[in-house]
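Trainee: Let me begin by handing over the structure; questions about it come next.
Derivation of every value follows stated rules applied to the coordinates shown; laboratory data play no part. Treat the numbers as computed from the prediction; the structure is a model and nothing was measured. Backbone-built Cβ (ideal geometry, glycine too); neighbour counts: all protein chains shown.
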Amino acid sequence: MQSWLAAVTVMTFLTYGYDKLIAGTGATRVPERVLLALAVAGGTVGALLGMRLFHHKTSKEGFLERLGLIVAVQAVAVAGWYIFLRPH
């Protein structure tokens, strides 16, 4: 599980950086749905770091709302696991 999270976090971060790098060049961009899917898959930390470091997608209101929903759902899931399901 930890290996998966580390790998998807790094991949998400690099994907945000790549998409920012090619923005405005005419090259095919990474679709927003792919960026969001990477966050859903566990790359939320990479997405947030990529947005902050690369200043990428920080003014796209619809994107920010969807990513915020993903973060909220994941936070509730982690809190629920911690409270109800973790081994004692």
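Trainee: Quick one: which residue in 50, 42 is in contact with a His (Cβ under 7 Å, 6 or more places away or on another chain) and not aliphatic (A, V, I, L, M)?
Mentor: Checking each option against the conditions leaves just 50.
Trainee: May I ask you to list the residues in the stretch 12-53 that are exposed (fewer than 13 other Cβ atoms within 10 Å of the Cβ), outside any helix (DSSP H, G or I) and not β-branched (Val, Ile, Thr)?
Mentor: Result: 24, 26, 27, 31.
Trainee: Hey, another quick one. Check off (1) of a type in the set (D, E, K, R); (2) without any contact (Cβ under 8 Å) to a residue 12 or more places away in the chain; (3) over 23 Å from residue 75 (Cβ atoms) for residue 52 and give me the number that stays unchecked.
Mentor: Condition not satisfied by residue 52: (3).
Trainee: When the residues of the stretch 34-82 are filtered to those that are touching a helix residue (DSSP H, G or I) at 6+ places or on another chain (Cβ under 7 Å) and basic (Lys, Arg), which remaining residue is nearest to residue 5 (Cα to Cα)?
Mentor: Among residues in the stretch 34-82 that are touching a helix residue (DSSP H, G or I) at 6+ places or on another chain (Cβ under 7 Å) and basic (Lys, Arg), the one nearest to residue 5 (Cα to Cα) is 66.
Trainee: Now a separate question. Considering only residues that are assigned to a helix (DSSP H, G or I) and surrounded by fewer than 17 Cβ atoms within 10 Å (Cβ to Cβ), which ones fall in the stretch 54-65?
Mentor: Of everything in the stretch 54-65, those that are assigned to a helix (DSSP H, G or I) and surrounded by fewer than 17 Cβ atoms within 10 Å (Cβ to Cβ) turn out to be 61, 62, 63, 64, 65.
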